[in-house]
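A quick write-up on the structure given underneath.
The values are calculated or read from the model by the stated rules, or taken from the named source; none is laboratory data. Predicted model, so just to flag it, every value in this text is computed and none were measured. Here the Cβ is made from the backbone with ideal geometry for all residues, glycine too, and neighbour counts use every protein chain on show. Note: accessible area is taken over every heavy atom of the protein model, side chains too, but ligands, DNA and RNA are not part of it. Shrake-Rupley method; radii C 1.70, N 1.55, O 1.52, S 1.80 Å.
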Amino acid sequence: QVQLVESGGGLVQAGGSLRLSCAASVPVFSTYAMGWFRQAPGKEREFVAAIRWSGGITVYADSVRGRFTISSDNAKRTAALQMNSLKPEDTAVYYCAAQSRVYTGLKTGYDSWGQGTQVTVSS
């Protein structure tokens, strides 16, 4: 498994931006894919965005497409989620995840998870 640590969460007003970062214990390109998920209070964890290094394929949830962008910096062993035009409904704990053993698709099958970082968007 890969060790992952998220950072960059915080409190922001609606319409604002935040950039989440995920530091990995291995070069991010050595994984098959990395993704971001979120869990709001009282709700199940849901997929947000993911990237497959082979081919540079990215996938986004409908609710964030056009507002969020997933990227990486292999030299720094980090993956990032740039979040713009934030809405109160984006409030959640955001988790970084990696597929380190086998590629199973971009929305499920992640074997490594970070501890999460809180994002709160005020109206």
Fill in: Subset of the stretch 87-122 [over 16 Å from residue 54 (Cα atoms), modelled with pLDDT under 95 and either exposed (fewer than 13 other Cβ atoms within 10 Å of the Cβ) or over 15 Å from the mean Cα position of the chain (by Cα) (or both)]
108
Response to the item:
So, first residue in contact (Cβ under 8 Å) with a residue 60 or more places away in the chain and surrounded by fewer than 17 Cβ atoms within 10 Å (Cβ to Cβ) in the stretch 65-83, second residue assigned to a loop (DSSP other than H, G, I, E, B) and of a type outside the set (A, V, I, L, M, F, W, C), Cβ within less than 8 Å, six or more apart or across chains; the pairs are 82/17
Response to the item:
In the set 38, 19, the lone residue that is among the basic types (Lys, Arg), surrounded by 15 or more Cβ atoms within 10 Å (Cβ to Cβ) and in a strand (DSSP E or B) is 38
Discussion item. Just to be sure I understand the filter: pairs with C-beta atoms under 7 Å, separated by 6 or more residues or on different chains, first member in the stretch 31-45 and closer than 13 Å to residue 112 by Cβ, second member basic (Lys, Arg) and open to solvent by less than 30 Å² (accessible area, probe 1.4 Å). Which pairs pass?
Written reply: none
Worksheet item: residue 51 is checked against (1) modelled with pLDDT under 95; (2) over 11 Å from the mean Cα position of the chain (by Cα); (3) not acidic (Asp, Glu) and fails just one. What number does that condition carry?
Response: (2)
Response to the item:
Restricted to the stretch 21-45 and to residues being farther than 15 Å from residue 79 by Cβ and small (Gly, Ala, Ser), the residue farthest from the chain's Cα centre (by Cα) is 42
Discussion item. Within the stretch 78-99, does at least one residue satisfy the condition of being over 23 Å from residue 122 (Cβ atoms) and part of a loop (DSSP other than H, G, I, E, B)?
Written reply: no
Discussion item. Quick test for you: out of 48, 12, 5, pick the one residue that is β-branched (Val, Ile, Thr), closer than 26 Å to residue 74 by Cα and touching a residue at least 60 places away in the same chain (Cβ under 8 Å).
Written reply: 5
